[in-house]
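FYI, it's all coordinate maths here, none of it is from the lab. Source: prediction; values computed, not measured. Cβ: placed from backbone, ideal geometry, glycine included. Neighbour counts: every protein chain shown.
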Amino acid sequence: MVKATKIFKVNAESPDEEVIEVCARYIREGGLVVFPTETVYGLGANAYNPNAVKKIFIVKQRPMDNPLIVHIASFKQLYEVVSSIPAWIKDFLVKVWPGPLTAVLPKSKRIPSEVTAGLDTVAVRMPLHPVALKLIEKSGVPIAAPSANISGRPSPTTAQHVVEDLWGKVDVIIDAGETIFGVESTIIDLTREPPVLLRPGPYPVEKLREILGKNIIIPEFARGLSEADKALSPGMKYRHYAPRTPLILVELKDYTDLSTLTLKIIELAEENISKGKRVAILSSSETAKTYLKHLGKRAKIVVLGSRNNMYSVAKNLFKALRDLDKLNIDIALVEGFEEKGVGLAVMNRLRKASTKIIAVD
Ligand code: TXA
Ligand code: MG
């Protein structure tokens, strides 16, 4: 099924109302519209239309047992998509929305089972992006949307990434430039007591605990260390974000002294170069000079961002993973980061993307 995909460029802060109205009509009529959010681009369809939702799974090549996030623009819509929720959950959501936080809640009958893969819960989020909010408002329906990539690929942070994966398969791509955070929303399951982190994201779990005034459990799979328990989070079992180039992640327990990290990476780089392999290193700005000094032009060095600003690392991560395959290299080595704040999201994505993890003390 090939479509004539339209691309509309809009201003991220104040998108053209008429353009958004045209896109909203596609949603209402059962079409597929790719739209920007503050995290990554989403592949949207009317959440109340099972046939439109089915098309998402087909074009994304997504397993049908992996449920979608429902995007809303108001609390009125929240009550349409969930069954009754206690006051403490409402109070919490009022504090964190709109924002990069997805809440798993008991679903209402209005949400078709295609959206939730047959679960009796639904993942809901009110995005903090003027284009996304306007599109949902004008559509008049909640929008079911996964990240707008082919399943298993890094999530798209620019419209160009979407074009690479979904050109000719969707009706519209709304291009509002690079997304703000660059990693997908934090997901917490509020149907469990205490709540469980299903996926770390831009909203740090430390901050969420503070706002909730409750503990939030961080299972091993949310750190990217093991496969998810299917009962807790069906989608998390799938391999993700993987570049085609083999990627080796080198981790430390403690990141206060980075010399063991750089030594190990230089050793691995030398080993591979001596076998005739072309090597790239994904590094922090703090350590890039060390690699340059020891390896010169014998390795390609890609700086992700500063360890002092993990949001910069998160923002560049998926683009860097996609670009690896264009660098004409045989193997890539990537530094680990401290699992604090958004660093937890970075490590979750890196562990899932890598072919091998090496831990050094
Ligand atoms: O930032 C984001 O969350 C982006 C933008 C577009 O909003 N969306 C996104 O969607 O990352 P997706 O489909 O790539 O990831 C959603 C994850 C999946 O791993 C899925 O398994 C999980 O949310 N999920 C959805 N509904 C769930 C539910 N009812 N219970 C547990 N996990 C659920
Ligand atoms: Mg995804």
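Mind checking whether some residue in segment 31-45 is surrounded by fewer than 24 Cβ atoms within 10 Å (Cβ to Cβ), out of contact with any Ser or Thr (no Cβ under 7 Å at 6 or more places or on another chain) and either of a type in the set (S, T, N, Q) or on the phi > 0 side of the Ramachandran plot (or both)? No, that holds for no residue.
Against the test of being aliphatic (A, V, I, L, M), within 15 Å of ligand 1 (Cβ to nearest atom), part of a loop (DSSP other than H, G, I, E, B) and within 28 Å of Ala242 (Cα to Cα), the options Val162, Val183 yield a single qualifying residue, Val183. Flag set for Gly152, criterion: farther than 22 Å from Ala12 by Cβ and of a type outside the set (A, V, I, L, M). Of all residue pairs spaced 6 or more apart or on separate chains, those with beta-carbon atoms under 7 Å, a first member in segment 178-190 that is on the phi > 0 side of the Ramachandran plot and a second member that is basic (Lys, Arg) are Gly182/Lys315. Are any residues in segment 151-178 surrounded by fewer than 24 Cβ atoms within 10 Å (Cβ to Cβ) and within 13 Å of the chain's Cα centre (by Cα), and if so, which ones? Listed by number, the residues that qualify are Ser151, Gly152, Arg153, Thr158. Test each condition in (1) within 19 Å of the chain's Cα centre (by Cα); (2) among the β-branched types (Val, Ile, Thr); (3) farther than 23 Å from Arg153 by Cα for Thr102 and report the one that comes out false. The one condition Thr102 does not meet is (3).
Filtering segment 84-124 to residues that are outside any strand (DSSP E or B) and of a type in the set (S, T, N, Q) leaves Ser84, Ser108, Ser113, Thr116. Being within 15 Å of ligand 2 (Cβ to nearest atom) and in contact with a Pro (Cβ under 6 Å, 6 or more places away or on another chain) is the filter here, so list the residues in segment 131-172 that pass it. Matches in segment 131-172: Ala148, Asn149, Val162.
When segment 271-297 is filtered for residues that are under 13 Å from Ala332 (Cα atoms) and either among the small types (Gly, Ala, Ser) or touching a strand residue (DSSP E or B) at 6+ places or on another chain (Cβ under 9 Å) (or both), the ones remaining, listed by number, are Asn272, Ile273, Lys277, Arg278, Val279, Ala280, Ile281, Leu282, Ser283. When each of Thr262, Thr290, Thr256 is tested for being within 29 Å of the chain's Cα centre (by Cα), assigned to a helix (DSSP H, G or I) and farther than 23 Å from Gly182 by Cβ, the lone residue that passes is Thr262. Working carefully through the options Pro194, Pro202, find the one that is more than 21 Å from Val10 (Cα to Cα), under 18 Å from the mean Cα position of the chain (by Cα) and assigned to a loop (DSSP other than H, G, I, E, B). Just one listed residue meets the conditions, Pro202. Can you confirm whether segment 104-114 contains a residue that is farther than 20 Å from Val40 by Cβ and touching a Pro at 6+ places or on another chain (Cβ under 6 Å)? The answer is yes, given that some residue of segment 104-114 is farther than 20 Å from Val40 by Cβ and touching a Pro at 6+ places or on another chain (Cβ under 6 Å).
Listed here are the residues, each with its yes/no results for (1) within 11 Å of ligand 1 (Cβ to nearest atom); (2) under 21 Å from Pro200 (Cα atoms); (3) surrounded by 14 or more Cβ atoms within 10 Å (Cβ to Cβ).
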| residue | (1), (2), (3) |
| --- | --- |
| Lys76 | no, no, no |
| Ser84 | no, no, no |
| Lys109 | no, no, no |
| Pro112 | no, no, yes |
| Gly118 | yes, no, no |
| Met126 | yes, yes, yes |
| Lys138 | no, no, yes |
| Ser147 | yes, yes, yes |
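Taken over segment 335-361, the criterion of being surrounded by 23 or more Cβ atoms within 10 Å (Cβ to Cβ) and part of a strand (DSSP E or B) is satisfied by Glu335 alone.
Within segment 235-293, the set of residues being surrounded by 18 or more Cβ atoms within 10 Å (Cβ to Cβ), among the hydroxyl-bearing types (Ser, Thr, Tyr) and either within 16 Å of ligand 1 (Cβ to nearest atom) or at positive phi (or both) comprises just one member, Tyr241.
Just wondering, is there one or more residues in segment 314-334 that are part of a helix (DSSP H, G or I), over 15 Å from the mean Cα position of the chain (by Cα) and not hydroxyl-bearing (Ser, Thr, Tyr)? Yes, that holds for at least one residue.
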